[in-house]
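The values are calculated or read from the model by the stated rules, or taken from the named source; none is laboratory data. As the structure is a computational prediction, the values presented were derived from the model and not from experiment. Quick reminder, even Gly has a Cβ in these numbers, built from the backbone with ideal geometry, and neighbours come from all protein chains shown. With ligands, DNA and RNA removed, areas are computed over all heavy atoms of the protein, side chains included. Shrake-Rupley method; radii C 1.70, N 1.55, O 1.52, S 1.80 Å.
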Amino acid sequence: MKPSLDWQHDIDAIVVGASAGGVTALRELLGALPADFRPPMLIVLHLPRHRPSTIAEVLGAYCALPVYEACDKQRIERGSVMFAPPDYHMLVEDEASVALSLDEPVLFSRPAIDPLFSSAAAVFSNRLLAILLTGASTDGSNGLAAVRRAGGTAWVQAPEDATASMMPAAALAYAGAEAVLTLEEICQRMRNRA
Amino acid sequence: MRDQEAELRDLEIRLLLEAVYLRYHYDFRDYATASLRRRMTQAMMKFGCARISDLQHRLLHEPALFSQMLQYFTVQVSEMFRDPGYFLALRQHVIPVLRTYPSIKLWVAGCSSGEEVWSLAILLHEEGLLERSLIYATDINTEALKAAAGGRFDVANVAGYSKNYQASGGKASLGDYYTSAYDGVIFDRSLKKNIVFADHSLSTDSVFSEVQLVSCRNVLIYFNRALQDRAVGLFRDALVRGGFLGLGNKESLQFGTHADAFEPVVREQRIYRKIAP
Ligand SMILES: C[S@@+](CC[C@H](N)C(=O)[O-])C[C@H]1O[C@@H](n2cnc3c(N)ncnc32)[C@H](O)[C@@H]1O
């Protein structure tokens, strides 16, 4: 486990993946972000594919930072939170923008967590923090492994703390993590940025 | 700092794209990197190559492999009446203007296996405009173009298409337009009388006609900004003054250099109108 993360200098971006139980977990996580939180946060939450999503609006109400749904080539802004839109994968194109794609669903999901995590790892390598939360899927395992291979930091919600334990448990078994934390501990680290 | 392996892989991808361009004249050099990286990795696995450079070697020497690789360079995903709101907005806001032209030309750029262009043909038919329309349906993927011209779709998807069609303001039943055949459905030949299917690349080819509507959905997402600008420049040049441009749900002109040449008509459905001369 890395001793501590100096947010200002060590982390250029945070990627987050969540599935079943994710709305509640993300509400807490976004609620914990202080208004002066700098690293941009990119989130994939598994969503029904054929419905326009209101998730950014809904969760934006709980967050001190601007929360929006990505468009293609949307700029990655510091101090903001960006969600993948329904029915598109969201990929990190370069340090300043995301790109969307209609590639095949991954493990029945589009958006999926693996493409976001892997593409972010390729761009941000060791300056990336990936957080995998609750879910009843094995999406995220490959992505988390890619993040760690590239030298990034992985935090996984403790399976026993998650509404749905499969996703974090599968990722821990497959990829391991720098830290296994309860949602409250993750939120605490966000508040303290430590 | 990025690890060396990732740097090398990106370098190899660039070399491969250069090789493909020189050998086959398909230009993927300005495609969005993240998605290419992902699909090149998938292709490596599929063709049993340990490195991108191995894939490049085989591509240079085996033309047959290149046509298979086209399925990795391009993403063929489509749906009839995808985003019904888009087609509804066309009916409500674009058709009334198109109706004022004695003859109408439309361009579906990046038509893939045809779902979008057949949807548009049905819409025009129901609005009584198909007879005086000419639709250019273009793509770089010749296999997809062949499928598009066939107008045959998987029966498993038809229920979803019907739902989309209804939500898009369809005036009949989608079933009126196709006959079932084995594991597919075949759309009524008369719908494609006025469709021209053609190989055309937004990366390397130029404008070929003046048109009143360009529909280019979920194609620009695969391009980087520079190539997006090139493609939108072609649309601007092809469109008559006041002509319409429809993009995919999550695509926007906002980040490009031609933003000023267009104004939104139905913003949330990404339908724009050319204002510049
Ligand atoms: C995801 S499909 C979109 C299909 C359809 N327009 C829709 O929205 O349902 C993208 C299509 O763009 C085509 N394409 C990719 N590069 C292109 C280029 N340079 N010029 C023309 N078409 C291209 C691909 O072959 C593919 O058929």
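Can you give the convex hull volume of the alpha carbon atoms of chain B per residue, in Å³? Before the final figure, lay out the partial values.
Values: hull volume 38.8 nm³, N = 277.
Per residue, the Cα convex hull of chain B comes to 140 Å³.
Ordered by residue, what ³J(HN,Hα) values in Hz, to whole numbers, does the stretch B:209-222 give under the Karplus form 6.51 cos²θ - 1.76 cosθ + 1.60, where θ = phi - 60° and Gly and Pro are x?
Once θ is set to phi - 60°, the couplings for the stretch B:209-222 become 6, 8, 9, 9, 9, 10, 10, 9, 10, 6, 10, 4, 4, 8 Hz.
With the alpha-carbon atoms as the only input, what is the per residue convex hull volume for the protein assembly as shown in Å³?
Numbers: hull volume 69.0 nm³, N = 471.
Each residue corresponds to 147 Å³ of Cα convex hull volume.
Please work out the C-alpha center-to-center distance from the stretch A:49-124 to the stretch A:139-194 and express it in whole Å.
What the calculation gives is 18 Å, centre to centre.
Report which residues of the stretch A:119-141 become buried by 30 Å² or more of accessible surface when going from the isolated chain to the complete set of protein chains (1.4 Å probe; DNA, RNA and ligands ignored).
A:Ala122, A:Ser125
With no solvent and one point on each alpha carbon, what is the Debye value of log10 I(q)/I(0) for chain A at q = 0.11, 0.12 Å⁻¹?
Once normalised to I(0) and log-transformed, intensities are -0.39, -0.48.
For Cα pairs less than 8 Å apart in space and 6+ apart in sequence, what is the mean separation divided by the residue count of the stretch B:2-73, i.e. the relative contact order in percent? Let's see the in-between values first.
Values: 46 pairs, mean separation 23.2, N = 72.
Computed over the stretch B:2-73, the figure is 32 percent.
For a quick check, take a GNM of chain B with Cα springs below 10 Å and name the residue from B:Leu11, B:Leu227, B:Leu90 with the largest mean-square fluctuation.
B:Leu11
What trypsin sites (Lys or Arg not before Pro) does the stretch B:188-277 have in DSSP loop regions with at most 15 other beta carbons within 10 Å?
Working: sites: B:Arg189, B:Lys192, B:Lys193, B:Arg217, B:Arg225, B:Arg230, B:Arg236, B:Arg241, B:Lys250, B:Arg267, B:Arg270, B:Arg273, B:Lys274; in loops: B:Lys193, B:Arg217, B:Lys250, B:Arg270.
Qualifying residues, ordered by number: B:Lys193.
Taking the simple approach of a point 7 Å from Cα along Cα-to-Cβ for both B:Ala156 and A:Asn192, what is their distance in nm?
5.1 nm
Considering amide H positions built from the backbone, and no H for Pro or chain starts, which residues 5 or more places from B:Tyr31, or on another chain, come under 5 Å of its amide H?
B:Asn224
Between the stretch B:25-47 and the stretch B:90-106, how many Å separate their Cα centres?
Each part reduced to its Cα centre gives a spacing of 38 Å.
Checking an interface number: how much accessible area is buried between A and B, summed over both chains, with a 1.4 Å probe, in Å² rounded to 100? Numbers along the way, then the final one.
On the way: alone 8160 and 13250 Å², together 19060 Å².
In total, this chain pair buries about 2300 Å².
Taking the square root of 5 times each eigenvalue of the Cα gyration tensor, what semi-axes in Å does the equivalent ellipsoid of the stretch B:2-73 have, largest first?
On the way: eigenvalues 64, 37, 25 Å².
Sorted largest first and rounded, they come to 18, 14, 11 Å.
Restrict the search to the stretch A:43-141; then list the chymotrypsin sites (Phe, Trp or Tyr not before Pro) that DSSP places in a loop and that have at most 16 other Cβ atoms within 10 Å of their Cβ. Intermediate results must be reported in sequence, preceding the final value.
Working: sites: A:Tyr62, A:Tyr68, A:Phe83, A:Tyr88, A:Phe108, A:Phe117, A:Phe124; in loops: A:Tyr62, A:Tyr88, A:Phe108.
Answer in residue order: A:Tyr62, A:Phe108.
Tell me, what HN-Hα J-couplings in whole Hz come from the Karplus equation 6.51 cos²θ - 1.76 cosθ + 1.60 at θ = phi - 60° for each residue of the stretch A:77-92, using x for Gly and Pro?
Whole-Hz 3J(HN,Hα) from phi for the stretch A:77-92: 9, 5, x, 9, 10, 10, 9, 5, x, x, 6, 10, 6, 10, 10, 7.
Residues of the stretch B:207-234 losing 20 Å² or more of accessible surface, assembly versus chain alone, probe 1.4 Å, please list them.
Correct list: B:Asn218, B:Ile221, B:Tyr222, B:Arg225, B:Gln228.
Can you tell me the accessible area per residue over the stretch A:3-109, all protein chains present, probe 1.4 angstrom, in square angstrom?
Details: 4080 Å² over 107 residues.
Heavy-atom accessible area per residue stands at 38 Å².
Determine the per residue accessible area of the stretch B:1-152 with all protein chains present and a 1.4 angstrom probe, expressed in square angstrom. Present the calculation step by step, with values, prior to reporting the outcome.
Working: 6530 Å² over 152 residues.
With all protein chains present, the stretch B:1-152 gives 43 Å² per residue.
Quick one: which residues, 5+ away or cross-chain, put their amide H under 5 Å from the amide H of B:Arg273? H built at 1.01 Å from N.
B:Leu245, B:Glu263, B:Val265
Report in % the part of the accessible area of the stretch B:84-274 that belongs to carbon and sulfur, leaving out ligands and nucleic acids; probe 1.4 Å.
Details: 3740 of 7560 Å².
Looking at the stretch B:84-274 in its full context, I get 50 percent from C and S.
Quick one: divide the alpha-carbon radius of gyration of the stretch B:177-238 by 2.2 N^0.38 Å and tell me what you get. Kindly include the intermediate steps, with their values, before the conclusion.
Details: Rg = 15.9 Å, N = 62, 2.2 N^0.38 = 10.6 Å.
Compared with the compact-globule rule of thumb, the stretch B:177-238 sits at 1.50.
Once label points are set 7 Å from the Cα along Cα→Cβ at both B:Glu210 and B:Phe47, what is their separation, rounded to one decimal in nm?
It is 4.4 nm.
The stretch B:13-42: which residues show an accessible-area loss of 40 Å² or more, assembly versus chain alone, 1.4 Å probe?
By number: B:Ala34, B:Arg37, B:Arg38.
Can you list the HN-Hα couplings for the stretch A:93-105, worked out from phi with the Karplus curve (6.51, -1.76, 1.60; θ = phi - 60°), rounded to whole Hz and with x for Gly and Pro?
Computed from phi, the couplings for the stretch A:93-105 are 7, 7, 5, 10, 8, 9, 10, 9, 8, 9, 3, 3, x Hz.
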